[in-house]
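The values are calculated or read from the model by the stated rules, or taken from the named source; none is laboratory data. Here the structure is a predicted model, which means the values were calculated and not measured. Note that each Cβ is placed from the backbone with ideal geometry, even for glycine, and that neighbours are counted across all protein chains shown.
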Amino acid sequence: MLSDFNGALEDCNRAIKLRQGNAESFFNRGIAKYSLGDKLGAIDDLNKSIKLRTDYGKAYHILARIKTELGDNRGAIGDYTKIIQLTSNYPLPYINRGNTKLKLFDFDGAIEDFDKAIEIDPVNANVYIFRGNAKQLKGDKAASCPDFKKAGELGNEYAKKRYLEDCNK
């Protein structure tokens, strides 16, 4: 499998030599480097692709993911915010930013992001669970119950269990 990424890396290097201003080539090389474990090299190439194409949402997404893995949660939040500015009607960046805010104990900020994700995609049971967890972490167990109940109604078995265990006492 690694040889595939090594080959991809070589192909991307050739493509960049031929067309240095091609954002997609830097993006692809960044993905190859990331897949080979070179996270800092991947960040460098993803930043180059964004410099060439400032509306490159995919690059911001991978960049945020790597920053989260490296513990740069504030940097990841900035990248998720940029994705939201580019594509505000898509729930995943709100979900990811909300979960990253939870890591920083920004419960209100996380809840706001989950609210927006639910507004966009009201049938995503996982977002109700995330929001319920954020409410519990904030110390408002009672406010989490409607979220677990709704996620359970949407078919999530884990949420049904949480609702029964946490809210029916």
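Couple of notes before you dig in:
- Selected residue [surrounded by fewer than 23 Cβ atoms within 10 Å (Cβ to Cβ) and closer than 30 Å to Lys135 by Cβ] from Asp79, Asp72, Asp55: Asp72
- Some residue of the range 89-96 being out of contact with any helix residue (DSSP H, G or I) (no Cβ under 9 Å at 6 or more places or on another chain) and surrounded by fewer than 22 Cβ atoms within 10 Å (Cβ to Cβ): no
Residue by residue, here is whether (1) touching a Phe, Trp or Tyr at 6+ places or on another chain (Cβ under 8 Å); (2) of a type outside the set (Ser, Thr, Tyr) holds:
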site	(1), (2)
Thr68	no, no
Asn89	no, yes
Leu92	no, yes
Ile95	yes, yes
Ile111	no, yes
Ala117	yes, yes
Ala134	yes, yes
Leu137	yes, yes
Ala151	yes, yes
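- Test for Gly139: is it under 28 Å from Thr87 (Cα atoms) and not assigned by TED's automatic domain parsing to the domain that holds Lys82: no
- Any hit, the range 59-67, residues being outside the structural domain of Glu119 (by TED's automatic domain parsing), farther than 30 Å from Pro122 by Cβ, of a type outside the set (Ser, Thr, Tyr) and without any contact (Cβ under 8 Å) to a residue 40 or more places away in the chain: yes
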